[in-house]
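Student: Structure in structure tokens, see below.
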Amino acid sequence: MPSIRDTLAKARTRIDATDARVLLQHVLGASHAWLLAHDDETPGEAQAARYAELVERRARGEPVAYLTGQREFYGHAFEITPAVLIPRPETELLVELALARLPENKPCSVLDLGTGSGILAITLALQRPQASVTAVDASTEALAVAQRNADRLLQATAPSPPMEKGLGESGGVRFLHSDWFSMLGAEQFSLIVSNPPYVASGDPHLGQGDLRFEPQQALASGPDGLDDIRLIVRNARAHLRPDGWLLFEHGYDQAASCRALLAEHGYTGIFSTRDLAGIERASGGKVQGAPEIAHSW
Ligand code: GLN
């Protein structure tokens, strides 16, 4: 049987070196450091066979996150399945924008539209234990993944006494099966975040790379990619408390259109922010509040 070093060298002839290492770590349940220190050891037969299969699937294009079943976001490992979009590092920008607007030691309410694996809802609940977070998705398969992530990540850090599963009262997240706002009635929130689908339905990227394996429902949104963003901007107003913010991610060339949409629908404080690659990646605006209740989150 080949050693770890030879196994990796062989895999690297088929797939990217980092992918080869990450997949081997996954199969062996080992850290990067362990792998480096033990590269003359030999993986077991079953492990070697499992690894060969994953390398083959990767070589055929399957995303690493779907092969390992996880991806890190904002410092936490989230379970990922093909029912949900793979978390992108640039989406951490939305977390930063939301945290800058959420009070640290006061109750507030947050809505995450199209939560997918739950990364935004769960990260915000972890960072703001006093927030009641509601997360909706139109996909029941996605909600099942998000619920498992919440159970694992929020239970682990729950204050004592431990919170009840699924309740939004002590830093928990409430999950709802809802097509955007459809099941939310007249509920209002201090802040709404969303990483909606925003790729134009005819965009050739949908047929390339990782995107081929991701749920199209989470990626594509009409001819210009703005169908869902238009719906969200139009409807979010009625679900925002006075001075409540709407913050959302969008495509690299959609910032100006998004600001125009926000202006058209009467939002104020409209802005766009660049991601680490220098691309305008998220925009937002707020609903003007009457002065006397401006800070009653
Ligand atoms: N950022 C993703 C991409 O273009 C799209 C994600 C989304 O539509 N929310 O690869």
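Laboratory data are not the source of any read-out in this text; all were calculated from the coordinates shown. As the structure is a prediction and not an experimental result, all values here were calculated from the model. Every residue, glycine as well, gets a Cβ built from its backbone with ideal geometry; the counts of neighbours run over all protein chains shown.
Student: For a quick check: with amide H placed at 1.01 Å from N, whose amide H comes under 5 Å from Phe175's, ignoring anything fewer than 5 positions away on the same chain?
Tutor: Ala135
Student: Simple spin-label model, 7 Å along Cα-to-Cβ: Gln216 to Asp39 in nm?
Tutor: 4.3 nm
Student: At a Förster distance of 45 Å, what's the computed FRET efficiency of Glu96 paired with Arg57, Cβ-Cβ distance as r, to 0.05?
Tutor: On the way: r = 34 Å, r/R0 = 0.76.
Between Glu96 and Arg57 the formula returns 0.85.
Student: May I pose another question? Rounded to the nearest 0.05, what FRET efficiency do Arg152 and Ala263 have when you use their Cβ-Cβ distance and R0 = 51 Å? Walk me through the intermediate numbers first.
Tutor: On the way: r = 41 Å, r/R0 = 0.80.
With R0 = 51 Å, the Cβ-Cβ based efficiency is 0.80.
Student: Could I get the Rg over Rh figure for the range 1-140? Both from C-alpha atoms, Rh via Kirkwood, rounded to two places. Write down the numbers at each step before the final one.
Tutor: Details: Rg = 19.0 Å, Rh = 17.2 Å.
Result: Rg/Rh = 1.10.
Student: What ranking of Ile192, Ile270, Ile232 emerges when the number of other C-beta atoms within 10 Å of each C-beta is taken as an exposure proxy, fewest first? Intermediate results must be reported in sequence, preceding the final value.
Tutor: Values: Ile192 27, Ile270 16, Ile232 21.
Ascending Cβ contact count within 10 Å gives the list Ile270, Ile232, Ile192.
Student: Among 274-280, 175-181, how do they line up from the highest to the lowest mean number of other beta-carbon atoms within 10 Å? Please report the intermediate quantities before stating the final value.
Tutor: On the way: 274-280: 13.1, 175-181: 16.9.
Going by the mean number of other Cβ atoms within 10 Å, highest first, we get 175-181, 274-280.
Student: I need the per residue convex hull volume for the chain, using only the alpha carbons, in cubic angstrom as a whole number.
Tutor: Numbers: hull volume 42.4 nm³, N = 297.
Measuring per residue, one finds 143 Å³ for the Cα hull of the chain.
Student: While we're on this one: What residue among Gly75, Gly266, Gly225 shows peak mean-square fluctuation when the chain is described by a Gaussian network model with Cα springs under 10 Å?
Tutor: With Cα springs under 10 Å in the chain, the top fluctuation among Gly75, Gly266, Gly225 is at Gly75.
Student: Sort the following peptides by mean Cβ neighbour count (other Cβ atoms within 10 Å, averaged over residues), highest first: 251-259, 38-46.
Tutor: Numbers: 251-259: 17.3, 38-46: 12.4.
Result, highest mean Cβ count within 10 Å first: 251-259, 38-46.
Student: Applying the Karplus parametrisation 6.51 cos²θ - 1.76 cosθ + 1.60 with θ = phi - 60° to the phi angles of the range 63-80, what ³J(HN,Hα) value in whole Hz is obtained for each residue in order, glycine and proline being reported as x?
Tutor: Whole-Hz 3J(HN,Hα) from phi for the range 63-80: x, 4, 4, 6, 6, 8, x, 7, 8, 8, 9, 6, x, 10, 8, 9, 6, 10.
Student: Hey, another quick one. With a Förster radius of 41 Å, plug the Cβ-Cβ distance of Gln288 and Leu206 into 1/(1 + (r/R0)^6) and report the FRET value to the nearest 0.05. Let's see the in-between values first.
Tutor: On the way: r = 38 Å, r/R0 = 0.92.
In this case the efficiency is close to 0.60.
Student: If you don't mind, there's one more thing I want to ask. ³J(HN,Hα) across the range 174-182 via Karplus (A = 6.51, B = -1.76, C = 1.60, θ = phi - 60°), whole Hz, x for Gly/Pro?
Tutor: 9, 9, 10, 7, 8, 7, 6, 8, 4
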